[in-house]
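Below is one structure, written out as structure tokens, with a few remarks after it.
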Ligand SMILES: [Ca+2]
């Protein structure tokens, strides 16, 4: 295996800082270097958009505990998913590779025999553990301990399974997964650094909050985004054809409308899957039927109230974990990361879900703190991608990045540095077409200032000036004055596509679905989500 040794030097420097900080004596470094490799606590949620975090300037909620990670460490402003959907992002994080290299372009099963960062950390002496939402079809490899939700898992009384079998955990998934994370940390071998992936289900669809947080948001009016009523003028067919519209595609199940009494289970299911064009609600004891614009506005509120309530529970639980690290003397030598597998549309362009390369979906929140080593309160605008996470973990462990990983370590950025030849653009590719939301396949390029998107099956293009038009409303692709820009971006796009060895693998045919099917250790598990309905109000 050809190895890139440059990151090793960065790691050595960083470890030395940690050693000096921890021991006050560099001469003992040989013995202490191994001990000083930081613990890594990687907290990842599912579908948490950066613009639903106050440290990213949210207009809709406050996340004080996540903000604590940002204020004590570093907030990345430009961290992007290379394929904005759950399973592919998880495969990319584990392998440091794009979908066309790790074999997971859509909801297909991950081949766990391939090299992963968890295997490399484990071999280097880390205690490795994985908890919560895995969603890769095959069972985890490279972890000393794992306990995961089958498929999507459920919000209430979740089932998790490990090597030995499955168990129902009474309670709310976000609390349960945090409890389990604390248990793992308590029981870990103390003579090794740990790498813990703590993956929450929340705030994934269908956004089911616990009662405490639901009530916090139940009567709150959530401001609408400026692009909620986007008419898609000047854009390609893709926006008009998608089926992830807040107004048109939320089902009664998503909206938590209660099925009429007396329906048989199959009928009830059918009723819940309807995308309603009228909804009866009750206000101050009076029944009222909503249609048209009033119903649209109500759907947005219900969606966002539930989504944000799920996020709030995550924020509380992030606080619990940080407090636990503090109380147990682990903060100083634990690097904590908070991220999400991709972004999400919060009514932006009238949408929910992700998939598209537009900013709300492309952008991942990425916060890192490591007290004493990472200077507090930093904001970094280097273009980072989820392929970078694995090389980052490896450098923290003093390991080089294998040459076939497609990301670079972000550790220099933690120190406020921008390494020479850092990428000036990132490449994106989405495959799952038509998928669950009839989202057209596309690839594209994002630079610090512009974006070019190609919906390749129809040869339709979009181009945006992200400085003048951050909401991506004005497609410049056919604008006569922008033809030089478009040509230059196209050249860059195809150069990057070639460099990354994207030879249109999976463009004609996707591997079969497999992530929600029965895996080796989860036969006969009840994986159906249980929905709590609270009706119209
Ligand atoms: Ca996701």
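Tabulated data for the structure shown
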{"read-out": "At 0.692 mPa s and 37 °C, Stokes diffusion of region 51-187 via Kirkwood alpha-carbon radius, µm² per second", "value": "195"}
{"read-out": "Kirkwood Rh in Å, taken over all unlike Cα pairs in region 406-524", "value": "17.0"}
{"read-out": "Fewest-first ranking of 443, 338, using other Cβ atoms within 10 Å as the exposure measure", "value": "443, 338"}
{"read-out": "Sum of -39500 (n - 2.57) over DSSP H runs of 4+, divided by residues of the chain (222 nm, nearest 500)", "value": "-9000 deg cm²/dmol"}
{"read-out": "Estimated FRET transfer efficiency (residue 330, residue 478; beta-carbon r; R0 45 Å; 0.05)", "value": "0.20"}
{"read-out": "For region 35-160: relative contact order, % (alpha-carbon pairs under 8 angstrom, 6 or more apart)", "value": "14"}
{"read-out": "Fewest-first ranking of 93, 182, using other Cβ atoms within 10 Å as the exposure measure", "value": "182, 93"}
{"read-out": "All-pairs Cα distance distribution in region 356-398, expressed in whole percent, bin size 10 Å", "value": "20, 49, 26, 6"}
{"read-out": "Contact order relative to length of the chain, as percent, for alpha carbon pairs under 8 angstrom and 6 or more apart", "value": "26"}
{"read-out": "Extension reserve of the residue 186-residue 54 stretch, reckoned as 0.36 nm per residue once the Cα distance is removed", "value": "44.4 nm"}
{"read-out": "Kirkwood-based shape ratio for the chain, expressed as Rg/Rh from alpha carbons", "value": "0.96"}
{"read-out": "Mean Cα-pair separation over length for region 160-204, i.e. relative contact order, pairs under 8 Å, 6 or more apart, %", "value": "38"}
{"read-out": "Dmax and Rg, reported as Rg then Dmax, of region 178-280 (C-alpha, Å)", "value": "20.8, 61"}
{"read-out": "Inter-probe distance in nm under a simple model that places probes 7 Å from Cα toward Cβ, at residue 258 and residue 62", "value": "3.3"}
{"read-out": "Nearest-0.05 FRET efficiency for residue 268 and residue 375, computed from C-beta distance (R0 56 Å)", "value": "0.50"}
{"read-out": "Globularity index of region 192-234, i.e. its alpha-carbon radius of gyration over 2.2 N^0.38 Å", "value": "1.95"}
{"read-out": "Neighbour-count ranking [beta-carbon atoms within 10 angstrom, fewest first] of 222, 148, 40", "value": "222, 40, 148"}
{"read-out": "Additional length obtainable on full extension of the chain from residue 424 to residue 232, 0.36 nm per residue less Cα span", "value": "66.2 nm"}
{"read-out": "Label zone at residue 123 (point 7 Å along Cα-to-Cβ), backbone N below 18 Å, region 368-402", "value": "390-402"}
{"read-out": "Net length gained if the chain between residue 77 and residue 240 were fully extended (0.36 nm per residue, minus Cα distance)", "value": "55.7 nm"}
{"read-out": "Rg(Cα)/(2.2 N^0.38 Å) for region 321-401, N = residue count", "value": "1.35"}
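FYI, it's all coordinate maths here, none of it is from the lab. Predicted model only: the values in this text are computed from it and were never measured. FYI the Cβ positions are ideal-geometry reconstructions off the backbone, even for glycines, and counts take in every protein chain you see.
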